[in-house]
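Below is one structure, written out as structure tokens; comments come after it.
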Amino acid sequence: MENFICSDLQFEDKGLNELCNCLVSCYGNNQYTFAKTCFSIYNIWSYCKGNYFKAKNNEYYNSYKLLAKFGFDRKSVSRYKSCYEKFIQGTTIENVAVKTYFYGFSPSKLFELLPLSYETLENAIDKHFITPEMTVKQIREYVKQMAGEDTIDKVVEQTVEEINEDEIPDAYDPNKKYEFSYFESKSKSQLLNIVMTLQTAYQKLKNKGEKQK
């Protein structure tokens, strides 16, 4: 399991803020919190996909940069997303749970089961070829026999979405001078963020001036 980091990032966007708070609450490796972790990571990734959001620390984040603040690299994000799609049921943070078929398998064992198709897993579990009592090593060996090592290596890699982190812009600095071309290249949401940054900077200057009177 990943080294879960408690991030205190705050966003102006209320929906993203709620998802981050859900993820913060998901400590521990038992199935209850694992299902919630998968749900939170999957939905944060979906919410941020193809976009970036400005946090209250004045930096911009896309899905991978944001989830990295919680200790999840791209490969980890892909694994949790895949687990949510394959092993988790429920549509809200209150009702998500591991599907009955996979109840009893620890998170680390579920990760090992990812390369096998749902049908193959059902058959293997029904025939007791795979059981929750097996060790991670035993499950890994069985999966290798069924899927092959090359397939296992490709399963996670092919689900990792390529989002160029270089495309995340630096936060607008109201103390710097920008050419007009800088603003021409920005989207509507980026320009709105700049306006909000300027409003905040103006309010700070105004408050400072009033205190000095």
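The values are calculated or read from the model by the stated rules, or taken from the named source; none is laboratory data. Computed from a predicted model, the values in this text were never measured in an experiment. Positions of Cβ are generated from backbone atoms using ideal geometry, with glycine treated the same way; all protein chains shown enter the neighbour counts. SASA here: full protein model, heavy atoms, side chains in, ligands and nucleic acids out. Shrake-Rupley method; radii C 1.70, N 1.55, O 1.52, S 1.80 Å.
Condition check for N58 on (1) on the phi < 0 side of the Ramachandran plot; (2) open to solvent by 10 Å² or more (accessible area, probe 1.4 Å); (3) assigned to a loop (DSSP other than H, G, I, E, B): one failure, at (1). Contact map, the range 114-133: first residue farther than 12 Å from Y101 by Cβ, second residue of a type in the set (F, W, Y) and not in a loop (DSSP other than H, G, I, E, B), Cβ cut-off under 8 Å, separation 6 or more or different chains; pairs are F129/Y142.
Any chance the range 145-156 includes a residue that's buried (at least 21 other Cβ atoms within 10 Å of the Cβ) and modelled with pLDDT under 85? So far as the range 145-156 goes, no, none of its residues is buried (at least 21 other Cβ atoms within 10 Å of the Cβ) and modelled with pLDDT under 85.
Looking only at the range 111-143, filter to residues that are β-branched (V, I, T) and assigned to a loop (DSSP other than H, G, I, E, B); which one of those is surrounded by the most Cβ atoms within 10 Å (Cβ to Cβ)? Filtering the range 111-143 for residues that are β-branched (V, I, T) and assigned to a loop (DSSP other than H, G, I, E, B), the one surrounded by the most Cβ atoms within 10 Å (Cβ to Cβ) comes out as I130. From the list F105, F180, F111, the lone residue that is modelled with pLDDT of 60 or more and more than 24 Å from the chain's Cα centre (by Cα) is F180.
Which of the residues that make up the range 84-110 are outside any strand (DSSP E or B) and open to solvent by less than 20 Å² (accessible area, probe 1.4 Å)? The answer is F87, V96, F102, F105, P107, L110. If you check C38, C20, C48 for being open to solvent by less than 10 Å² (accessible area, probe 1.4 Å) and in contact with a Cys (Cβ under 9 Å, 6 or more places away or on another chain), only one passes: C38.
If we scan the range 183-198, do we find a residue that is at pLDDT 85 or above, open to solvent by 50 Å² or more (accessible area, probe 1.4 Å) and part of a helix (DSSP H, G or I)? No, every residue in the range 183-198 fails to be at pLDDT 85 or above, open to solvent by 50 Å² or more (accessible area, probe 1.4 Å) and part of a helix (DSSP H, G or I).
Has the range 71-80 got any residue that is without any contact (Cβ under 8 Å) to a residue 24 or more places away in the chain, within 30 Å of F129 (Cβ to Cβ) and open to solvent by less than 50 Å² (accessible area, probe 1.4 Å)? No, the conditions are met nowhere in the range 71-80.
Is at least one residue of the range 16-39 within 30 Å of A201 (Cα to Cα), in a helix (DSSP H, G or I) and hydroxyl-bearing (S, T, Y)? No; the residues of the range 16-39 include none that is within 30 Å of A201 (Cα to Cα), in a helix (DSSP H, G or I) and hydroxyl-bearing (S, T, Y). Scanning the range 40-55 for residues that are in a helix (DSSP H, G or I), of a type in the set (S, T, Y) and touching a residue at least 24 places away in the same chain (Cβ under 8 Å) yields S40, Y42, Y47.
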